[in-house]
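Structure record follows, encoded as structure tokens.
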Amino acid sequence: MIHFDNITIRLDGFALENINLHIPTGAYAVLMGRTGCGKTTILEAACGLRPIESGRIHLMGRDVTDMPPGRRNVGLVPQDGALFTTMTVEQQLGFALRVRHRPKGEIAARARELAEWLGIGHLLHRRPHGLSGGERQRVAIGRALAAHPDILCLDEPLSALDEETHGGMLDLLRHVHEDTGVTVLHITHNRREARALAQSLIIMRGGRFLEGETARGQLAREEDDA
Amino acid sequence: MGPDGSRPEPPDNPPSSEDTQRNAGARGRPGAGHILPVNRADIPFLAALGVVASVYIVLIAGIVLAKVFYVQLPLVGEVFTNPGYRYAVVLSLVSCSITTILSVWIAVPTAYLMTRVEFPGKRIVDAMLDIPIVLPPLVIGLGLLMLFQTPPGAFVQQYVTFTYAIPGVILAQFMVACAFAVRTMMAAFAEINPRQEQVAVTLGCTRAQAFWMVVLPEARRGMIPAATIAWARAMGEFGPVLVFAGTTRMRTEVMPTTIFLELQVGNLGMAAAVAAVMLALSLIVLILMRLAGHGRMF
């Protein structure tokens, strides 16, 4: 569960005020909005990467407002993957467990398990350079899921992919959600992505949030206009 | 081929952020950057640019070649056999190496703070970091001399003597070399995607762990050029060393000092021999650093 209780975030010349959001446990939520409307800022606030001015953030019933990112049990997949350039795929997949000082055998087993599941078993010893866009995002998803997070935050994870890869990744994200039951907050401006994945759709328009049927109606109208 | 049907990106795809980083990291290397094809109609324009550029290139080649032709080999031998000259060579090598290590050691945290943290007075600090670069070297030496006349300076000197002593040589070199190392490291940190660090902290790292485990290994690519430029600046540093550490033979004499002293007594041959040794040592260090950085020379 992700619960934003009257959150205000202020940036240079930009403010998001009195945000109230609720995403139920296990839901696949898609947050849509135009470029620059503050979607990523909201996701960063959930992860603990962006300080908030007022309000409370609850994740899975815990008040995490004052918790550092590492203790919130969230996984983050940025737009470009932001893979660790000096590490092999295996090291990336094992990173979260290495930080938690898990035994080496367990780390290696988890990295292999994730790699097989995500279809990147043949890439374990490769470094990010030279991986395709789809492969990079699979590594980033695996890295985020390694320590069994409660919440998976995806920041436009498919925006840099070509059309062919895009379809495959939509299926993959659906599988990831079904297999793990993780609560997902997926940010995008792509209507097709939103339609394919969203169990819970939220649209940001002029500082307001449209949810439920209102949001679906808005999405349908925008698609007709396009 | 990936299970999603994805293949490794063909080379004509837009470069990924890491490719961009790599290109930027390779700045200054022949072929780095974005090469455009040449049309026949472009040739007069490009040739005109080439003529302008070649003036400088010819001058560089000229000073290197002139040195090679002017140098008398027996005098080069004397640089290593004569204890006085040998002392300057050894002191130059040792002091430059210490200066380089100190510079990189200070430059890494300074540059990280400057590129990743917002703090009050940051613009002032940024401007201050340019002072050693823009200030005339002699003025830096004079400033150091005055600093160690003040009560805090005098207090430090009770324990370590800086003025007219070897630590003074190192400090004088460090003052200038470190500023260049900081600027180089700042460029290196700026090229590292900050999202990596953010992902690392969501995965359970503290900021310090993210720095050690993710940022620093990647910043190593920038440490080699930072060390190279610090070493080169330290090797050539003359003004601050002259003013702050003096030109005492067999004491605070580094190779630039030797060249100066030999020229003063009209011994151009010996000055050229020492200069040739400096040139050779600098080239060796440059080659070693480039090998360490890229695993290849060019």
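The values are calculated or read from the model by the stated rules, or taken from the named source; none is laboratory data. For clarity, every value in this text was computed on a predicted model and none was experimentally measured. Cβ placement follows ideal geometry from the backbone for every residue including glycine, while neighbour counts extend to all protein chains displayed. In case anyone asks, the SASA skips ligands and DNA or RNA and just uses the protein heavy atoms, side chains included. Shrake-Rupley method; radii C 1.70, N 1.55, O 1.52, S 1.80 Å.
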Study note, to complete from the structure: Per residue of A:77-83, other chain Cβ atoms within 10 Å number on average 6
Check your understanding: Most fluctuating residue of A:His122, A:His22, A:His148 in a GNM of chain A with Cα springs under 10 Å: which is it?
Key -> A:His122
Study note, to complete from the structure: Excluding ligands, DNA and RNA, the carbon-plus-sulfur percentage of the accessible area of the range B:143-224 with a 1.4 Å probe reads 72
Revision key, fill the gap. Log entry: pair-distance distribution for chain A, C-alpha pairs binned every 10 Å from zero, whole % per bin is 8, 33, 36, 19, 4, 0
Exercise for review: Could you tell me how many degrees, from 0 to 90 and to the nearest 10, lie between the Cα long axis of helix B:216-236 and the main elongation axis, the longest principal axis, of the Cα atoms of chain B?
Suggested key: 30
Revision key, fill the gap. Over all directions, the range A:74-130 yields a Cα convex hull whose mean projected area in nm² is 4.3
Study note, to complete from the structure: At the level of C-alpha centres, the distance separating the range B:47-114 and the range A:38-115, in angstrom, is 47
Study note, to complete from the structure: Computed over chain B, the relative contact order (Cα-Cα under 8 Å, seq sep at least six) in percent reads 26
Check your understanding: Mind checking the mean number of beta-carbon atoms from other chains within 10 Å of the Cβ atoms in B:190-201?
Key -> 6
Check your understanding: What percent do you get for the relative contact order of chain A when only Cα pairs under 8 Å and 6+ apart count?
Key -> 28
Review point. Highest GNM mean-square fluctuation, chain A, Cα pairs closer than 10 Å: which of A:Asp179, A:Asp63, A:Asp155?
Key: A:Asp179
Point to revise | ³J(HN,Hα), Karplus 6.51/-1.76/1.60, whole Hz, each residue of the range A:181-194, x for Gly, Pro | key: x, 5, 7, 10, 10, 10, 9, 7, 10, 8, 5, 5, 4, 4
Point to revise | the range B:71-294, Cα convex hull volume normalised per residue, Å³ | key: 144
Practice item. With a point put 7 Å past each Cα toward its Cβ, work out how far B:Tyr56 is from A:Asp63 in nm, to one decimal. Key: 6.2
Exercise for review: Work out from phi, with θ = phi - 60° and the Karplus expression 6.51 cos²θ - 1.76 cosθ + 1.60, the ³J(HN,Hα) of each residue of the range B:50-64, listed in order in whole Hz, and give x for Gly and Pro.
Suggested key: x, 4, 4, 4, 5, 4, 6, 4, 5, 4, 4, 4, x, 5, 5
Review point. Excluding the sites themselves, what is the longest stretch of chain A that contains no trypsin sites (Lys or Arg not before Pro) in a DSSP loop with at most 15 other C-beta atoms within 10 Å?
Key: A:127-226
Review point. With every protein chain left in place, what is the accessible area per residue of the protein assembly as shown in square angstrom, probe 1.4 Å?
Key: 49
Practice item. For the protein assembly as shown, compute Rh as the Kirkwood radius over C-alpha pairs and then the Stokes-Einstein diffusion coefficient at 4 °C and 1.567 mPa s; write the answer in µm²/s, rounded to an integer. Key: 48
Point to revise | From phi via Karplus (6.51, -1.76, 1.60), per-residue ³J(HN,Hα) for the range B:65-77 in Hz, x at Gly/Pro | key: 5, 4, 5, 4, 6, 6, 5, 9, 3, x, 5, 4, x
Point to revise | Solvent-accessible area buried by pairing A with B, both sides, nearest 100 square angstrom, 1.4 angstrom probe | key: 2800
Review point. Quick one: helix B:268-294 against the long Cα principal axis of chain B, what's the angle to the nearest 10°, folded into 0 to 90?
Key: 20
Revision key, fill the gap. Between A:Arg62 and residues 5 or more places away or on another chain, the pairs with built amide H atoms under 5 Å apart involve none
Check your understanding: Can you pull out the chymotrypsin sites (Phe, Trp or Tyr not before Pro) in the range A:11-114 that DSSP calls coil and that have at most 16 other Cβ atoms within 10 Å?
Key -> none
